[in-house]
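The values are calculated or read from the model by the stated rules, or taken from the named source; none is laboratory data. All values derive from a computational prediction rather than experimental measurement. Here Cβ is always computed from backbone atoms with ideal geometry, including for glycine, and neighbour counts include all displayed protein chains. To get the accessible areas, we keep the full protein, side chains included, count just its heavy atoms, and leave off ligands, DNA and RNA. Shrake-Rupley method; radii C 1.70, N 1.55, O 1.52, S 1.80 Å.
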Amino acid sequence: MKKGIYFVLFYFTISSIYTQGNTEVYLFDLEWSNGKLGLSNPKNISNNHGYDNQPSFWNDDTVLFSSTRAGQTDIKQFNITKGSTSRWISNTPTGSEYSPLRIPGSDNVSSIRLDLDGLQRLYEYDIKTGKSEPISNSKIGYHVWISDHVLIATVLVKNRMDLVVLNLDEDSQITVEKNVGRSLHKIPGTNLVSYINKASDKNKPWQIKSLDANSLEKDIILNLKSHLEDMAWLTDGTILASNNNRITMYNPAKDSVWSDFHVFDKDQVFKISRMAVNSSRTRLALVTDVSPKEVVQRQVETFNNRNLNGFLSCYSEGVLAQRFPNDTMYVGKDKMLDSYERFFANTKKTNVKVVKRIALGNYVIDEETTVVDERQGHQVAIYKVSSGLINSMSFIFPNQEISDAEAIVKKQLEAYNSRDIDAFLDTYTDNVKLYDFPNSLFSKGKEKMRQGYGSFFENTPDLNCEIKNRMVIGNKVIDEEYLTINGMNFSAVAIYEVENGKIAKVTFLR
């Protein structure tokens, strides 16, 4: 019992600052082309299943970041101009290192260390030997160096982070702002550091602010219209900010709106978090969640290889497994381990083949055929992925075999695209129910559908739904839909359930 409580407390300490997900560190060149600055030469410099995060530049050609190996997180150094080689700087069995930075005027590195006893402190590491000693006893989350003895850092206070200025020579610590974010950066061409002020009042905007570590003077750089966690600076004062698979940009001195700096393929860069730019502004490093498709594919491959540890590594600690829509099979990785240990022990041959796959945001829907020893099966699995790990899966089995399920769904699609409200509603039962996945009811009955869809059909002359992918399993039809509505395009997934020749239930993923 004590061991279990200890683990939960330790995990909570880590996750409160450094979310343990499946992430990768990418490196790009910043290059001018046709008068515009852009990204080129993408390279995955971590290439490691697990947690890789918090990149910073040792110099223009060398990147430091935290990387997980053998159950712990250590500091890794990647050398760009030396054949893209890498080496480990630390190896700390009693803890894990995060947010490594070069200490000014030194060849040593500072890093946040989370020890197995729950202690969280800032340490200095000898880059040649890996030996370390504590710099500060404060519970620091993130930091940036001003000089070899002055740093600006965030300190954990209850459920928030406060911004402090630490002077190591004077052994002083001054709190300058309460409730700040994790993104701390030197502003190019100045002696200032930027940070994100998270308003305590929900009606007030978050702000990007600057701090002078000497005078402690603070200024507002920008009021934010939406919440922002991660950013970086270009030499001309342009702010780069992460937004899922996009980097947006804004220059407070000349811009009135944010615009796209770069949009990535979601299969490569799915959701960006930390960003760092080198001092010469010729390279950019970023962190991205592994794409849901890649995570799901890995769990299929490790399952087929009967690699239980690899398979479990694709799931979050609190993974939820259900039979669609809400019949819970088990909760948690421990239960999952017990279930699959017994399964592999009692089977000689197992194989899953993905017949069709739909990817929509954080969801991956696989139609799968299975072989367990000599028994063949058919199922659909709906995976939800967060931070590069599967945190829920919902299985659909062909419990009710009928022959006309696809035919009636095709008929309702034709009526939908024709905007024929009577023909459309004729494909549904009188008591049809509409849900948001997995089981949140938002409409019941055909007459309520008429009220909503009737005016929608009348006011949408360009309405069109194109089926990109379709799965049929038992009495259920799962459609990946590409919608055109008033000149705009949307993707969605609809799960139709057919009873007695009519659609009785629809569940939407959007």
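Observations, loosely collected:
- Net charge of Cβ neighbours under 12 Å - reference residue 466; Lys, Arg +1; Asp, Glu -1: -1
- Atom-type composition of the exposed protein surface of the chain places 46 percent of the accessible area on carbon and sulfur (1.4 angstrom probe).
- Amide H contacts under 5 Å for residue 473, placed H, 5+ residues apart: 478
- Cα-based shape type of region 279-412, given that a ≥ b ≥ c are square roots of the gyration tensor eigenvalues and the cut on a/c is 1.5: oblate
- Ordering of 146-152, 398-404, 157-163 by packing is 146-152, 157-163, 398-404, highest average first (other Cβ atoms within 10 Å, averaged per residue).
- FRET E, pair residue 500, residue 212, Förster distance 60 Å, beta-carbon r, rounded to 0.05: 0.25
- Contour minus Cα-Cα distance for residue 464 and residue 203 (0.36 nm per residue): 90.1 nm
- Efficiency of FRET between residue 444 and residue 349 - r from beta-carbon atoms, R0 30 angstrom, step 0.05: 0.05
- Vicinal HN-Hα couplings computed from phi for region 159-171 (Karplus, 6.51 cos²θ - 1.76 cosθ + 1.60; Hz; Gly/Pro x): 9, 9, 10, 10, 8, 10, 10, 10, 10, 6, 5, 8, 6
- Residues whose amide H lies under 5 Å from that of residue 443, counting only those 5 or more places away or on a different chain, are 434; hydrogens are built 1.01 Å from N in the peptide plane.
- Figure note: 218, 202, 131 ranked by solvent-accessible area, largest first, 1.4 Å probe, ligands and nucleic acids not counted: 202, 131, 218.
- Rounded, prolate or oblate (a/c below 1.5 giving rounded, otherwise prolate when a/b exceeds b/c) for region 363-470 by Cα gyration tensor: prolate
- Net lengthening on full extension, residue 258/residue 280 (0.36 nm per residue, minus Cα-Cα): 5.5 nm
- Cβ-derived FRET efficiency at R0 51 Å, residue 44 paired with residue 401, nearest 0.05: 0.70
- The alpha carbon convex hull volume per residue for the chain rounds to 190 Å³.
- Estimated translational diffusion coefficient (Stokes-Einstein, Kirkwood radius over Cα pairs, 25 °C, 0.890 mPa s) of region 52-157: 178 µm² per second.
- Figure legend: label point modelled 7 angstrom from the Cα of residue 61 along Cα→Cβ; residues of region 258-288 with amide N under 17 Å from it are 278-284.
- Residue-averaged 222 nm ellipticity for the chain, from DSSP H runs of 4+ at -39500 (n - 2.57), nearest 500: -4500 deg cm²/dmol
- Sequence-distant contacts, meaning Cα pairs under 8 Å at least 6 residues apart, place the relative contact order of region 363-510 at 20 percent.
- Neighbours of residue 402, meaning other residues whose beta-carbon lies under 11 angstrom from its beta-carbon, give a summed charge of -4 when Lys and Arg score +1 and Asp and Glu score -1.
- Normalised by residue count, region 109-248 yields a Cα convex hull volume of 152 Å³ per residue.
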